[in-house]
Structure formats: structure tokens, C-alpha cells
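Peer 1: Quick one: structure below, then a few questions.
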Amino acid sequence: MEDEKIRILTKDNKVMTLKKLFEEKERLRKEQANLSFEKKIRALIILQRIASSWGGKKDVIVWKL
């Protein structure tokens, strides 16, 4: 099946083609790559907090700044 024919419904109820989805994914990857090291660490800490509260796991380490 061609990428132009495949449609995907996003969480914002937008419909996009598979090709557009991968283009947006690549754009986001480049945007994240340009973040400063400090912002990347802060994002990691946020993800660690989510992981520690998700399912009550006690073995997840959350870094302190």
C-alpha cells in the first residue's frame, strides 16, 4: 500500500498521511537534537518522575539537580 493512501488519526483528531507522520517525526527529532544539554537533562528527569509514579515502582531512580 502506498504511503499517500494510508491515513492516521492523531490524538488531536487530526488526519494525516503516513508520509506526513514520518516527516513530522523527523522534524521533531531534529528539534530535540538542537536542545541544550541542560534542557535534555531536565526532560529526562521529568520522564524519570513519570516512571517512578507510574505503577508504584520503587526501583526507579529520579535524579536531583
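The values are calculated or read from the model by the stated rules, or taken from the named source; none is laboratory data. Note that the structure is a prediction, hence the values are computed from the model and not measured. With ideal geometry, Cβ positions are generated from the backbone for all residues, glycine too; neighbour counts draw on all protein chains shown. Accessible surface areas use protein heavy atoms only, side chains included; no ligands, DNA or RNA. Shrake-Rupley method; radii C 1.70, N 1.55, O 1.52, S 1.80 Å.
Peer 1: Please find, within segment 15-64, the residue that is nearest to Glu4 (Cα to Cα) out of those that are small (Gly, Ala, Ser) and in a helix (DSSP H, G or I). Lay out the reasoning, then the answer.
Peer 2: Filtering segment 15-64 for residues small (Gly, Ala, Ser) gives 33, 36, 43, 51-53, 55-56.
Checking which are in a helix (DSSP H, G or I) leaves us with 33, 43, 51-53, 55-56.
Numbers: Ala33: 28, Ala43: 34, Ala51: 36, Ser52: 40, Ser53: 40, Gly55: 39, Gly56: 42 Å.
Ranking the candidates gives Ala33 first.
Peer 1: Which one of these is modelled with pLDDT of 90 or more and of a type in the set (S, T, N, Q): Ser36, Ser52?
Peer 2: Details: Ser52 fails: modelled with pLDDT of 90 or more.
The conditions single out Ser36.
Peer 1: Looking only at segment 1-47, count every residue that is within 15 Å of the chain's Cα centre (by Cα) and among the hydroxyl-bearing types (Ser, Thr, Tyr) and tell me the total.
Peer 2: 1
Peer 1: Next question, about the same structure. Take the residues in segment 1-34 that are charged (D, E, K, R) and closer than 30 Å to Asp59 by Cβ, then tell me which one is most open to solvent (accessible area, probe 1.4 Å). Give the derivation first.
Peer 2: As a first pass, look at segment 1-34 and keep what is charged (D, E, K, R): 2-5, 7, 11-12, 14, 19-20, 23-27, 29-31.
Narrowing further to those that are closer than 30 Å to Asp59 by Cβ: 11, 29.
On the way: Lys11: 190, Arg29: 123 Å².
By that ranking, first place goes to Lys11.
Peer 1: Filter segment 35-55 down to the residues that are open to solvent by 100 Å² or more (accessible area, probe 1.4 Å) and among the hydrophobic types (A, V, I, L, M, F, W, C) and list them by number.
Peer 2: Of everything in segment 35-55, those that are open to solvent by 100 Å² or more (accessible area, probe 1.4 Å) and among the hydrophobic types (A, V, I, L, M, F, W, C) turn out to be Phe37, Leu47, Trp54.
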